[in-house]
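The structure under discussion appears below in the form of structure tokens.
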Amino acid sequence: MNRLVIIGAGGHGRVVADCAKAIGDYDDIVFLDDCFNERKVNEHWKVIGPVSIWSKLNDVDFIVAFGNNKLRKKTIKTLQQANANLVSMIHPSAVISQYTNIGVGTVVFANAVVNVNSTIGKGCIINTGATVDHDCNIHPYVHISPGVNIAGGITVGALSWLGIGSTVIEGITLAENTQVGAGAAVIQSTQANSLYLGVPAKRIRSLTNYQQD
């Protein structure tokens, strides 16, 4: 039996499970989450235990479904250090150029587009209907929210988060841990560990509680 174990039983996890169902490679899709003592199902799928039991599961594929970038990074690193079978997932309706690289542990959801010569790092989320144009470099553990449009030649630094419906013009660099608010339009390169809001997007404040690990 082909079994997929999704770590993280929130709303994002349900979308991952639905994506896996659409792909059709798994006979069984289950969750691990520390909510296990309170609930045993995540809508249509079982929650079989807390996150800590992952190492006791054999002959399964894992994918991490925490929306929080730092938590997703920490969990993926733990799995990789133990040589767990970590997979990526691309919805059948997504349009992915054959001349792209998609990192392990990354999910690309329905109707997303990743164009030619772009690289998506490990552990990223390319959410529903987002577009990544040509020659972009999306570093690891980035979350590109639904409806985001990224023009060509963009670099997005690790652990960044682009809010729903935001846009980024061509050829600029978003530094590590840039957070972009919903609907913002980024027209110039950003500073690391900073929040940007508005049209055009402006730096609002430093993310002072940020730590890389």
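The values are calculated or read from the model by the stated rules, or taken from the named source; none is laboratory data. For clarity, every value in this text was computed on a predicted model and none was experimentally measured. Here the Cβ positions follow ideal geometry from the backbone for every residue, glycine too, while neighbour counts run over all protein chains shown.
Residues checked against (1) of a type in the set (Phe, Trp, Tyr); (2) outside any loop (DSSP other than H, G, I, E, B); (3) over 24 Å from Val47 (Cβ atoms); (4) not assigned by TED's automatic domain parsing to the domain that holds Asp25:
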| residue | (1), (2), (3), (4) |
| --- | --- |
| Asn58 | no, no, no, no |
| Lys73 | no, yes, no, no |
| Gln98 | no, no, yes, yes |
| Gly123 | no, no, no, yes |
| Pro140 | no, no, yes, yes |
| Gly153 | no, no, yes, yes |
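Checked against (1) over 17 Å from the mean Cα position of the chain (by Cα); (2) within 22 Å of Asn115 (Cα to Cα); (3) among the small types (Gly, Ala, Ser), Gly157 meets all criteria but (1). Does Phe36 meet the test of being touching a residue at least 12 places away in the same chain (Cβ under 8 Å), under 18 Å from Ile144 (Cβ atoms), in a loop (DSSP other than H, G, I, E, B) and outside the structural domain of Ile125 (by TED's automatic domain parsing)? The answer is no for Phe36. Within segment 1-25, can you find the residues that are touching a residue at least 60 places away in the same chain (Cβ under 8 Å) and assigned to a helix (DSSP H, G or I)? The answer is His12, Val15, Val16, Cys19, Ala20, Ala22, Ile23.
For residues that are farther than 20 Å from Cys124 by Cβ, buried (at least 16 other Cβ atoms within 10 Å of the Cβ) and out of contact with any helix residue (DSSP H, G or I) (no Cβ under 8 Å at 6 or more places or on another chain), tally how many sit in segment 10-47. Here the count works out to 4. With respect to the conditions (1) among the charged types (D, E, K, R); (2) without any contact (Cβ under 8 Å) to a residue 24 or more places away in the chain; (3) over 18 Å from Tyr141 (Cα atoms), Asp59 falls short on a single one, namely (2).
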